[in-house]
2 protein chains.
Amino acid sequence: MSLEHAILGFLNYHPYSGYDLKKIFDTSIRHFWPADQSQIYRTLARLEENGLAEMERIPQEDRPDRKVYHITETGRAELLRWISGPPPLGEPRSAPLIQVFFSGQLSDEKILAKFEGYAAIMRAILSQYDQVPAQIGPFQQEIPSPREHFFWMLTLENGLANLRANLQWAESVIERIKSGQVPKE
Amino acid sequence: MSLEHAILGFLNYHPYSGYDLKKIFDTSIRHFWPADQSQIYRTLARLEENGLAEMERIPQEDRPDRKVYHITETGRAELLRWISGPPPLGEPRSAPLIQVFFSGQLSDEKILAKFEGYAAIMRAILSQYDQVPAQIGPFQQEIPSPREHFFWMLTLENGLANLRANLQWAESVIERIKSGQVPKE
DNA sequence: AATCGATATATGATTAATCATATATAAACA
DNA sequence: TGTTTATATATGATTAATCATATATCGATT
């Protein structure tokens, strides 16, 4: 359901094709909701079936017609209903924490390497975040009013806050490993 | 794949039935990897098919036989291989952030209510975390050696760190809304 | 000359996870 | 007396998401 509403959110700004939407996703909300190309197309078809969007076929020569989707009044109402509603919390899932849970099986050196690798990944992702705002460029005219831009930045802030929390956690674990605070048995 | 390895991790401590494992999941790693009962049973069957676990049928009267699963040498090797390997990072997914991204559509009052609701949920979950260590009771003899307990606590710490980061983020947004820092258009 | 990337949509196959429901009995509880 | 809880496993149906692949053409690069 989340992808449906994310697409409705963008169609509420402007009519787009599936191809457009894939690029928009990759340059805006990818950091908290990546979307597969095939899933976008299928979801657009479902939105049309359910009367939340309408398709306009734009003929082209030498390549497939563009199918541009417009949000309907029903779609706009559904979008607002959903945004106003309670936060759609999903179950938390972190496969790396499964590794951590069972890491007692490993030697202290391997555990240290594991957490240093984890910290390195967090730092690498953190450094990518700096570049994200620059990527919005291509869509600057269509999407972000100052108000919209504010909320977009809040999602980046949230991602950064979580990354920093994870990095600090990993660093504190590294310190404890180095100072011999991991029980031997 | 993650569930397979989590189950292998527990079977490596001790042989268990699917019924046992469901209770163990719910009192230990539920906060970062919840598992459905039916999925546990199907995954156990697959572990056996693949030679990573062996099933021992324990007859009972008046109720279904227990099917207790023992990890095999292959299973133990696979578990160690996986734990030693790179962190299995998944794509981040946060449906609440989709709401945030499109919240510019709402009035400032509704936005304030939304973030206050979000902060309230974070606080409620935080208070639940205090009780988690008490729930391990029933399995104290079988699972946690001091070393294992240390890593189990690390997963709790990580969950807490992320919750606090999210709560602080929500609180900082609330302050900005109250002090009129949200652009009007 | 051949490959690659951009434009554009589409479908088949598979996986992981969820939800609902089924069977069967005993003990405890209201 | 009837309901719930605990014990124990199992399957069918569905959803969301991923992966692979197909079609078709142009322009740019190697």
- Task: Select, from B:Asp36, B:Asp65, the only residue that is over 27 Å from B:Phe150 (Cβ atoms), under 17 Å from the mean Cα position of the chain (by Cα) and within 16 Å of DNA strand C (Cβ to nearest atom).
- Result: B:Asp36
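Assess whether B:Leu97 counts as being at pLDDT 95 or above and within 28 Å of A:Leu163 (Cβ to Cβ).
Values: at pLDDT 95 or above: yes; within 28 Å of A:Leu163 (Cβ to Cβ): yes.
The answer is yes for B:Leu97.
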- Query: With A:Ile98, A:Ile71, A:Ile121 as the choices, which residue is facing chain B (nearest Cβ under 10 Å) and in contact with a helix residue (DSSP H, G or I) (Cβ under 8 Å, 6 or more places away or on another chain)?
  - Reply: A:Ile98
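Can you tell me which residues in segment A:97-107 are surrounded by 21 or more Cβ atoms within 10 Å (Cβ to Cβ) and either charged (D, E, K, R) or outside any loop (DSSP other than H, G, I, E, B) (or both)? Quick ask: steps written out before the conclusion?
Of the residues in segment A:97-107, the ones surrounded by 21 or more Cβ atoms within 10 Å (Cβ to Cβ) are A:97-104.
Residues satisfying the conditions are A:Leu97, A:Ile98, A:Gln99, A:Val100, A:Phe101, A:Ser103, A:Gly104.
Matching residues to (1) free of Cβ contacts under 8 Å to residues at least 12 places away in the same chain; (2) surrounded by 14 or more Cβ atoms within 10 Å (Cβ to Cβ); (3) more than 16 Å from DNA strand D (Cβ to nearest atom); (4) assigned to a helix (DSSP H, G or I):
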position: B:Ile29; (1), (2), (3), (4): no, yes, yes, no
position: B:Ala35; (1), (2), (3), (4): no, yes, no, no
position: B:Glu54; (1), (2), (3), (4): no, yes, no, no
position: B:Asp62; (1), (2), (3), (4): yes, no, no, no
position: B:Ala77; (1), (2), (3), (4): yes, no, yes, yes
position: B:Leu89; (1), (2), (3), (4): yes, no, no, no
position: B:Glu109; (1), (2), (3), (4): yes, no, yes, yes
position: B:Ala124; (1), (2), (3), (4): yes, no, yes, yes
- Scanning segment A:1-33 for residues that are within 10 Å of chain B (Cβ to nearest Cβ), within 15 Å of DNA strand C (Cβ to nearest atom) and under 23 Å from A:Leu160 (Cα atoms) gives A:Ser2, A:Leu3
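The values are calculated or read from the model by the stated rules, or taken from the named source; none is laboratory data. As the structure is a computational prediction, the values presented were derived from the model and not from experiment. Positions of Cβ are generated from backbone atoms using ideal geometry, with glycine treated the same way; all protein chains shown enter the neighbour counts.
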